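Before any comments, here is the structure.
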Amino acid sequence: MDLHAGNLYWPTTGPKLHHYPPLRKNVRKQVAIIGGGMSGAIIGYMLSRHGISACLIERGEIAGGSTSANTGLLQYSNDIMLHELIDQIGEHQAVRFYKACRSAVNQLYQIASELPRNTALYRRSSLLYADTEQHLPKLKKEYRTLRLYGFDTEYLSADDLYLRFPFRKPGAIMTRGDAEVNPYLFVQTLVEQAVRQGMEVHEHTEAVTHKSRGGLHRLETADGAVIDADHVVYAIGYEPEELRGKLIKAQLNRSFAAVTAPQRNLSAWPGNCLIWDTADPYFYLRTTPDGRVVIGGLDENNRIPVKSEPLRNKRIHRLHEQLQQLFPMLDAPLEYSWSATFGISRDNLPFIGTDPGWPGVFYCLGYGGNGSVYSMIAANLLLFAIRSEHHPVADIVKLDRPSIVQIHN
């Protein structure tokens, strides 16, 4: 399945760090990881760091799929606001999940600080502004809810906002504790470090069969090599064929993103904060270390990325217009633009956890705008699962959770 179409920015920010040979021999590991994107990289890094033998296979190249189209925003706030999530799954669970996301951002920052290469993971605040007056009551309620549960949040009136930014909106909230990253360099560096820690990695290796017997899982590749493992992790970003329609009620959409040339002056952008709005679909933007602006949004209910450049450019032009409405002084032209597959779940939560009908099989399917943060949570959940321990948010994101089981096709 094609995951993106267009001219990607992140692969231009650095060379491919390392190439890994296809798997040609049979191996025995504690964990087999399928997928060499953000999820597989973080999980592999954490497993190898804890001395767990693992083999990661990727049918293409490391960081070559959705990772290259990831816009690199790391936020604890989700596609569903905290007060809405409380209504959906209850106060205790919703607050616990939000705090787990905040902890995951902190953990990603800590990991990045320990890596041997700069992956452009920097602390950032996030500005969420009301797109219309009608959205203001919801935004104010979210501010009160975040403050109530100890999240570092500030409310900005229309006048407050205009004092800091060159645009006027009905109101906004500024949250602290988020981050940005170069996802392409981060994933490559994580995998490189995981190999140093003992993980085995193979590119251009596709698992074509998965069978289990007596508690042992056997993956066979297209080239006939075999991986025997106690646990198999599907870290492929979307629903594997084995699960198709059985438990996961989600849909794959497409989104659009673009990157400008370096801007002459970003002084009108306080703190290079991450910015997004309350529209549906929402518009979001961030900066890069070399002064570019990354913009994205305009999600559409179609899983196929737009391959036609003229059709893709129509959407990209709308995104660029939104940027210029907010920051008219940022006049550097667009240099990169693309369309990419983007998954969402019907309850706005990821699917992370063991297969309820297949012991030893673990899924990290980070549907939603917070996929990188969910990947960090997934790595922690997997470590708990291997040790037969229960993670505090495992019930919230498990595949057969009540909020999903109650949804009917």
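The values are calculated or read from the model by the stated rules, or taken from the named source; none is laboratory data. Computed from a predicted model, the values in this text were never measured in an experiment. In this analysis, Cβ positions are derived from the backbone assuming ideal geometry, glycine residues included, and neighbour counts consider all displayed protein chains.
Among the residues of segment 25-39, the ones that are in contact with a Gly (Cβ under 6 Å, 6 or more places away or on another chain) and surrounded by fewer than 24 Cβ atoms within 10 Å (Cβ to Cβ) come to 0 in all.
When residue 32 is tested against the conditions (1) in a helix (DSSP H, G or I); (2) within 22 Å of residue 386 (Cβ to Cβ), the lone failure is (1). Screening 180, 133, 142 for residues that are under 30 Å from residue 63 (Cα atoms), at pLDDT 95 or above and acidic (Asp, Glu) leaves exactly one candidate, 180. Residues that are charged (D, E, K, R) and either over 26 Å from residue 120 (Cβ atoms) or outside any strand (DSSP E or B) (or both) within segment 157-181 comprise 159, 160, 164, 168, 169, listed in sequence order.
When only residues in segment 102-124 that are surrounded by 19 or more Cβ atoms within 10 Å (Cβ to Cβ) and not aliphatic (A, V, I, L, M) count, which is farthest from residue 76 (Cα to Cα)? Of everything passing the filter in segment 102-124, 119 is farthest from residue 76 (Cα to Cα).
Search segment 40-72 for residues being assigned to a helix (DSSP H, G or I) and modelled with pLDDT under 95, and hand back the single one that is surrounded by the fewest Cβ atoms within 10 Å (Cβ to Cβ). Explain how you work it out, then say what you get.
Initially, segment 40-72 is screened for residues assigned to a helix (DSSP H, G or I), giving 40-49, 66-69.
If we keep only those that are modelled with pLDDT under 95 as well, we get 66-69.
Working: 66: 23, 67: 29, 68: 20, 69: 25.
Checking each candidate, the answer is 68.
So which residues in segment 182-205 are outside any helix (DSSP H, G or I), in contact with a Phe, Trp or Tyr (Cβ under 6 Å, 6 or more places away or on another chain) and among the hydrophobic types (A, V, I, L, M, F, W, C)? 201, the sole residue that qualifies. Each residue in segment 326-370 was checked for being under 19 Å from residue 82 (Cα atoms), buried (at least 24 other Cβ atoms within 10 Å of the Cβ) and among the small types (Gly, Ala, Ser), and 2 of them qualify. Scanning segment 207-231 for residues that are in a strand (DSSP E or B) and of a type in the set (A, V, I, L, M, F, W, C) returns 207, 208, 216, 219, 226, 227, 229.
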